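Contents: one structure, followed by commentary.
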Amino acid sequence: MSLHKQVRKVTTHVLNEMKLRGEKIAMLTAYDYSTARIIDQAKIDAILVGDSASNVMAGYDTTLPITLNDMIYHAASVVRGVSRALVIVDLPFGTYQGNSKEALTSAIRIMKETGAHAVKLEGGEEVIESVERILSAGIPVMGHLGLMPQSIHKFGTYVVRATKDDEAKKLVKDAHLLQEAGCFGIVVEKIPATLAKKVSSEIKIPIIGIGAGPHVDGQILVIHDMLGITQEFSPRFLRRYHNLNKEIKGAVKAYISDVRNLEFPNENEQY
Ligand code: KIV
């Protein structure tokens, strides 16, 4: 008899069924084993090992420097902590835009070396060949439209995207292209709520928003932002559910004080 606990796992099909039932999908990012274990036990539907690891784990200003090896390290750690949620991994900058063969090689490395369930990449028409090639190997792909942090140097700012008609039309067209190619879902980042509503009603696959208002099929936040570990980043869309930065500092200050005043360890905390 298998010793594995029978847990109903979240698959891409489950996310599609949730959209059909009008049940909202809750996603968060994670980059390490311990955090992934906690949020999986809390029954998060899907975990994104985002290239935001470049910012919140490695301290870079942008998502551009993180490497495929770095992403594989983070993703393998997350997968070891998860028994239920769908785990999706970002293909980092420079690993899929060059050509579709390189994109497939990068996606295969992620699937083989991490045990994750799907990959995500940024862009529409420009990367459609890469999307199709990855899908042809049986690897589920999630798209990402709107604000695309890997293109920060093209746009120069992180302001809300697709407020103008031509950019909004391109976004809707790209969403259709990604759906037709076979993506199982699309993240839309920092776009007007009315546009996000139009996209999620026209498109059959789940649309997951971040800064895209309530009329989408699910929401995603970066865990360091929603827990209040990061303090400098405060866009309007971000709801902080905790002030972990303050809590951690308080605990560390109490520890320092106990060590300095010989209050730690006490007689029950020694052998
Ligand atoms: O890298 C990331 O964390 C993301 C989310 C913001 C969607 O792409």
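The values are calculated or read from the model by the stated rules, or taken from the named source; none is laboratory data. Please read these numbers as outputs of a predicted model, since none were measured by experiment. In this analysis, Cβ positions are derived from the backbone assuming ideal geometry, glycine residues included, and neighbour counts consider all displayed protein chains. The area values use the complete protein model at the heavy-atom level, side chains included, leaving out ligands, DNA and RNA. Shrake-Rupley method; radii C 1.70, N 1.55, O 1.52, S 1.80 Å.
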Would a scan of the stretch 149-157 turn up a residue that is within 15 Å of the ligand (Cβ to nearest atom) and buried (at least 18 other Cβ atoms within 10 Å of the Cβ)?
yes
Note on GLY98: of the conditions (1) over 19 Å from PRO235 (Cβ atoms); (2) open to solvent by 20 Å² or more (accessible area, probe 1.4 Å); (3) in a helix (DSSP H, G or I), unmet is (3)
Can you spot a residue in the stretch 175-186 that is aromatic (Phe, Trp, Tyr), modelled with pLDDT under 95 and surrounded by fewer than 24 Cβ atoms within 10 Å (Cβ to Cβ)?
no
Taking LEU238 and the conditions (1) surrounded by fewer than 23 Cβ atoms within 10 Å (Cβ to Cβ); (2) assigned to a helix (DSSP H, G or I); (3) not charged (D, E, K, R), which numbered condition does it fall short on, given that it satisfies the others?
(2)
Taking the stated definitions as given, is ARG84 away from the ligand (no atom under 13 Å from the Cβ) and assigned to a helix (DSSP H, G or I)?
no
Does the stretch 117-139 hold any residues that are under 20 Å from the mean Cα position of the chain (by Cα) and either without any contact (Cβ under 8 Å) to a residue 12 or more places away in the chain or crowded, with 23+ Cβ neighbours inside 10 Å (or both), and which are they?
ALA118, VAL119, LEU121, GLU122, VAL127, SER130, VAL131, ILE134
As an exercise: evaluate ILE38 against (1) more than 20 Å from GLU113 (Cβ to Cβ); (2) open to solvent by less than 40 Å² (accessible area, probe 1.4 Å) and give the number of the one condition it does not meet.
(2)
Looking at the stretch 31-52 only, could you name the residues that are of a type in the set (A, V, I, L, M, F, W, C) and in contact with a His (Cβ under 7 Å, 6 or more places away or on another chain)?
VAL49
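Only residues that are modelled with pLDDT of 95 or more and more than 29 Å from LEU20 (Cα to Cα): list them for the stretch 190-239, please.
HIS224, ASP225, LEU227, GLY228, ILE229, THR230, PRO235, ARG236 - these are the residues of the stretch 190-239 that are modelled with pLDDT of 95 or more and more than 29 Å from LEU20 (Cα to Cα).
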